[in-house]
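Below: one structure, written as C-alpha cells.
The values are calculated or read from the model by the stated rules, or taken from the named source; none is laboratory data. Keep in mind the model is a prediction, meaning the values are calculated, not measured. Every residue, glycine as well, gets a Cβ built from its backbone with ideal geometry; the counts of neighbours run over all protein chains shown. These area figures cover heavy atoms from the full protein model, side chains too; ligands, DNA and RNA do not enter into them. Shrake-Rupley method; radii C 1.70, N 1.55, O 1.52, S 1.80 Å.
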Amino acid sequence: VRLNEDDMEFDMIGIDAAIANSFRRILIAELPTMAIEKVLIANNTSIIQDEVLAHRLGLVPIRVDPRLFDYLSENDQPNEKNTVVFKLHVQCKRGSPRITVKSDALKWLPNGSELVKETRNATSDSSSKPETYTYFGCSQETIPEFVKNPIIPKYPDIIVAKLGPGQEIELEAHAVKGIGKTHAKWSPVATAWYRMLPEVVLLEDIEDDLAEELKSKCPVNVFDIEDLGKGRRRATVARPRACTLCRECIRGDDWEKRVALRRVKDHFIFTIESTGALPPEVLFTEAVKILEDKCERVITELS
Amino acid sequence: MEHGSFTDNSAATFSLTDEDHTIANTVRFTLNQDPRVTFCGYSIPHPSEARVNIRVQTTGDPAREVLKDACQNLMLMCRHVRCTFDKAVEDFKASNAVKAMKIDSQDSSGDDSEESE
C-alpha cells in the first residue's frame, strides 16, 4: 500500500495471528544492526558525563548494511570485518559562543582505530607501527560497498552534546553488530506494528434519514450513501479500512441492532518504520529468513 | 535443546533452550493444523530463563516426527510468504514508477501475500 525509504505499510491476508506476531517480534528484537558499543574517551571536559555521552552515542542509528559484517564475540579481536570506527573531536574555543555537537561530527575512520595502546614491552621500538585498539588488515574503504557510500550516521542533526567555551570532547567509538534482544539500540525498526482489518456489517437495510444519520456519525467517513432509485437512499460501507473502531456509529438507541463492528480474523495491516540502516522491505524479508533459520535449528536438533 | 520423552512414543515434551514465544507460538499453531495431533501446547517455565517446553500428543505417530513435519511446514510457509512479498514489492515499485508521472497519489492495490493451509 505504501512504501517509502523509511517506512512501509502492507496487507497480509490468509496468515494467522501467531505468525504475524512472530514476524513483529523478530522485526523488533532479532534483526541484527550496527550500533556504537565501545567508546574510548581521550578527553572530555564538557558538562556531559562520560557515560551519558557514551549512552547517547550508542543510540545514534548508523547507515550501514549489517549483513556485511560479522558478530564480535569476547575472544575476537576487533578487525575490519566486525567493527566500524568513528571519531569525534570537537572543541569550543575560549571566547566563542556555545556549540551544539550534532551527530554529523562523527567521522568514519576506514583505517581503524587511531588511538595508540600502551604496551609495556621491552622491545617497544621493534614494531614498525604502534599498536592500536583495532587490528584492521585492510582499509574498509576497499570493500566495494563502501566506496560510494561512506558510513555515516543516518540523521546528521541528532544533538549529541553541547559545549561551552574552553570545553573539548575527543573520543573514538567502535560500532559492532548486535540484536535488539540484548539492547534496544540494536533494534533496526523505530517500531513495527500490525492491526486487523475492521469489518463493518450492516445487519439491516438502512434507508433514507437513518442513512444520513449514520453517515454523519462516523468521524472518518466510512459510510456512503447510494441511491436506489425511486428517491430512496441506502447506506453502504465504503471504506472499512479507515475505520478506527471508535464505535460512534453504534452509540445511541437502536444502532447496535443495525451495525455490527468486527475484525476480519486473518487480514493484517502491517506497518514497519525503519531507523534507516536497511529499507523496510528488506527488513521484512530478513525477518522471514530468520524465522526459517530458527525452524531449521529446531529440526536439526531433533534429528 | 533437548527433548524428554516417555515409554510411549506418541506423546512427548520437548524442551528447547534459547527460545521464547516467537517460535513457540508459531510452532504450536502449525502443530494444531496437523490432523494427527490430539493435544499440543507450550509453556515457559520461568520468564528469566530462555527455555520453552512444547508438549505434543498424537494419534499414534511418534511425536518427534510430527514436530519435525510441523517445523518443515512452517519453513515452507515462510518461503511462500517471502516469495509473495518480494513479488508484491516489485509490482508495487513498478506501478509506482508509472504513477510518479501523474500528480495524484492514491492507494495502489494492496500488497497481499496469501497463504493456503
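Side notes on the structure shown:
- Only one of the numbered conditions (1) touching a residue at least 24 places away in the same chain (Cβ under 8 Å); (2) over 19 Å from A:C246 (Cβ atoms); (3) not aromatic (F, W, Y) is violated by A:L197, and that is (2).
- When B:F14, B:F39, B:F85 are checked against the criterion of being more than 10 Å from chain A (Cβ to nearest Cβ) and not polar (S, T, N, Q), a single residue qualifies: B:F39.
- Of all residues making up region B:18-65, the number that are of a type in the set (A, V, I, L, M) and not in a helix (DSSP H, G or I): 6
- A:L163 being buried (at least 17 other Cβ atoms within 10 Å of the Cβ) and under 18 Å from A:L261 (Cβ atoms): no
- Test: residue in region A:278-301 that is in a loop (DSSP other than H, G, I, E, B), within 15 Å of A:R67 (Cα to Cα), in contact (Cβ under 8 Å) with a residue 12 or more places away in the chain and not polar (S, T, N, Q): yes
- Residue in region A:47-70 that is touching a residue at least 12 places away in the same chain (Cβ under 8 Å), within 14 Å of another protein chain (Cβ to nearest Cβ), within 13 Å of the chain's Cα centre (by Cα) and in a loop (DSSP other than H, G, I, E, B) present: no
- Selected residue (criterion: nearest to the other protein chains (Cβ to nearest Cβ)) from residues of region A:4-42 that are open to solvent by 50 Å² or more (accessible area, probe 1.4 Å) and in a strand (DSSP E or B): A:E37
- Assessment of region A:55-65 against the conditions (open to solvent by 60 Å² or more (accessible area, probe 1.4 Å), over 30 Å from B:A97 (Cα atoms) and not assigned by the TED database to the domain that holds A:K102) yields no matching residue.
- A:S46 vs. criteria polar (S, T, N, Q) and modelled with pLDDT of 85 or more: yes
- Criterion violated by A:N79 - all others in (1) under 21 Å from the mean Cα position of the chain (by Cα); (2) open to solvent by 30 Å² or more (accessible area, probe 1.4 Å) satisfied: (1)
- Of residues in region B:26-79 being under 28 Å from A:T182 (Cβ atoms) and in contact with an Asp or Glu (Cβ under 6 Å, 6 or more places away or on another chain), the one surrounded by the fewest Cβ atoms within 10 Å (Cβ to Cβ): B:A50
- Only a single item in (1) touching a residue at least 40 places away in the same chain (Cβ under 8 Å); (2) not assigned by the TED database to the domain that holds A:I159; (3) not aromatic (F, W, Y) is not met by A:R25, and it is number (1).
- In region A:289-303, residue nearest to the other protein chains (Cβ to nearest Cβ) [restricted to those that are of a type in the set (V, I, T) and open to solvent by 10 Å² or more (accessible area, probe 1.4 Å)]: A:I299
- Contacts under 6 angstrom Cβ, first residue in region A:71-98 being modelled with pLDDT of 80 or more, partner among the hydroxyl-bearing types (S, T, Y), 6 or more apart: A:T83/A:T134; A:V85/A:S113
- Members of region A:262-288 that are within 7 Å of chain B (Cβ to nearest Cβ) and either among the β-branched types (V, I, T) or open to solvent by 10 Å² or more (accessible area, probe 1.4 Å) (or both): A:E281, A:T285, A:V288
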